[in-house]
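The values are calculated or read from the model by the stated rules, or taken from the named source; none is laboratory data. Predicted model only: the values in this text are computed from it and were never measured. Backbone-built Cβ (ideal geometry, glycine too); neighbour counts: all protein chains shown. SASA here: full protein model, heavy atoms, side chains in, ligands and nucleic acids out. Shrake-Rupley method; radii C 1.70, N 1.55, O 1.52, S 1.80 Å.
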Amino acid sequence: MVDWSQVALAGVWGGLLALERRAFLQAMFSRPLVAATSLGLLLGEVESGLFVGMLLELYHLGAANLGAALPENDTIAATGCSAAAASCALSTGGGGTPAIWALAIILFGWLGALGRKVDRWLEPYNTRLARKATARAEHGELRRAVRQNLWGMWPHFLIYGALVGGCAVAGYLVGPAVARLPLQLVRGLAWAYPAMGAVAAAIAARGSHARHSASYAAAVAALVVVAMVALTCRRVA
Amino acid sequence: MSGPSALAAAPQVSSWTLLRVFGRSLFLQASWNPQGMQNLGLAYALFPALSDLYPDPDRQMAAVRRHLAFFNTQPYMAAAILGGVIFHEGRIARGEEGPEQVVAFKAALMGPLAALGDGFFWLSLRPALGALCAALVPVLGAWAALLFLVLYNVVHLTLRARLFRMGLRLGDRLVEGVAHAHLPEWGARLRTVGAASAGAAVAYLAISLGANQGGQVGDALAVGYLALGAVAYWLTSKRFGNYALLYLAALLAVAAGAFL
């Protein structure tokens, strides 16, 4: 059963985060870790948002908006996957699981690439606004000219808000089907989450842009493995 | 030619107006476009200051039009240029220099400041804190997201406000002030933190989730995830597509879970 108030909430918050990513403030509320967690929190499934956000933060870590180059839209990937995972978890009634998080990322992780296309598609609209502003300035309508700047935001809010709302609806619809999946497939999906996480972390190590990133990543990974194994052995003893 | 005394002699720009300019600078990229890039955002941010400095409509129009020309820099570092532009516009309004000075000031600084800001914020601070806080999720839970926001914005907002004031006070000499911040050196250190934190995240995901979900094959699964991380790192260095890697890993894991 789709909860439309939750869908609307996801859409509005998703639209606002899309604005924060590029048009306003850029205080990193739109980073995958924060965006997905906050969306999960709003929908009452903070754990799903957090773990989806953690993986996508690592996956998109090295992407940067340099000059005119457009990176993938990490925010729509995070908000879309988080909305889908949270609503799917709510509709199953069993809470978030690694299988649900993996399924959400498999189904909607590619939204980052779509977002880049949307961002590129919206650029001519902004170019028209800039031309309009110049024309108004030449006619002496200075206040109206500079206010054209704010009109650049609404298409992002509407398009990305609708996409996130759509992902939430998809999550509600997929939920009952997930509950009926064969156990082996659910186990496979549960195994897929850490597998994708390991890949995302490896991509993050490269995306850190550090010199000798492999050495640093490997050394710390080895330390963490030793510490965790030692802790487990102590508990068993 | 520059200094605090110069700004003090330009009472037309009030503190309230400066605050408004700073607030409006947060919308710098609202209508980013491939031709003028941040031109409209810059004109929008500067407008209250230009209105104060040029009560004469013709001079005001000329001032707005010179800031509708191409402009692009790193959005946080733009605060320094905004401050510097107000410094120069004050001098132009008082007849102490020509309008070409402010145009040259923007053209000279937007490139170097963009390179400096991109290197520090986009390629160092953000990845380092992102990886660190993602690796801290097992320890802090959802607080890791809040920690990321706090740590990032303490640096971001402090620097942004400081750069704006620096531009206002120093004008052209703000380059010296920015150089004293040693951003490239801090950037190199932060990138190391990012790589190390990513390593910690691989280990946690492999050991903790592998052992929890693998049952009898938990240990083998954990080793498999660690190996997968190492192979993925190697494949990314060979320019293997990130999406292909992610979906291939998911496919392998689903197949293993279904048939093992």
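The table that follows gives values for the structure above.
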read-out	value
Residue in the range B:155-176 that is open to solvent by 60 Å² or more (accessible area, probe 1.4 Å), at pLDDT 95 or above and within 11 Å of chain A (Cβ to nearest Cβ) present	yes
Filter result for A:Gly109 (at pLDDT below 95 and facing chain B (nearest Cβ under 10 Å))	no
Only listed residue being outside any helix (DSSP H, G or I) and either over 22 Å from A:Ser87 (Cβ atoms) or touching a residue at least 24 places away in the same chain (Cβ under 8 Å) (or both), chosen from A:Ala210, A:Ala190, A:Ala217, A:Ala198	A:Ala210
Residue among A:Thr127, A:Thr134 that alone is part of a helix (DSSP H, G or I) and open to solvent by less than 40 Å² (accessible area, probe 1.4 Å)	A:Thr127
In the range A:102-118, the residues that are open to solvent by 10 Å² or more (accessible area, probe 1.4 Å) and part of a helix (DSSP H, G or I)	A:Leu103, A:Ile106, A:Leu107, A:Phe108, A:Ala113, A:Leu114, A:Arg116, A:Lys117, A:Val118
Residue selected from the range B:22-32 under the condition out of contact with any Leu (no Cβ under 7 Å at 6 or more places or on another chain) and not in a loop (DSSP other than H, G, I, E, B), by the criterion surrounded by the fewest Cβ atoms within 10 Å (Cβ to Cβ)	B:Gly23
Options A:Pro71, A:Pro176; residue that is open to solvent by 10 Å² or more (accessible area, probe 1.4 Å), outside any helix (DSSP H, G or I) and in contact (Cβ under 8 Å) with a residue 12 or more places away in the chain	A:Pro71
Single match in A:Gly188, A:Gly171 (criterion: touching a helix residue (DSSP H, G or I) at 6+ places or on another chain (Cβ under 6 Å), over 19 Å from A:Glu57 (Cα atoms) and more than 7 Å from every other protein chain (Cβ to nearest Cβ))	A:Gly171
Within the range B:195-233, considering residues that are more than 7 Å from chain A (Cβ to nearest Cβ) and either within 29 Å of the chain's Cα centre (by Cα) or among the β-branched types (Val, Ile, Thr) (or both), the one farthest from A:Glu57 (Cα to Cα)	B:Val217
Matching residues in the range B:60-72 - criterion: being open to solvent by 10 Å² or more (accessible area, probe 1.4 Å) and in contact (Cβ under 8 Å) with a residue 12 or more places away in the chain	B:Ala62, B:Arg66, B:Leu68, B:Ala69, B:Phe70, B:Asn72
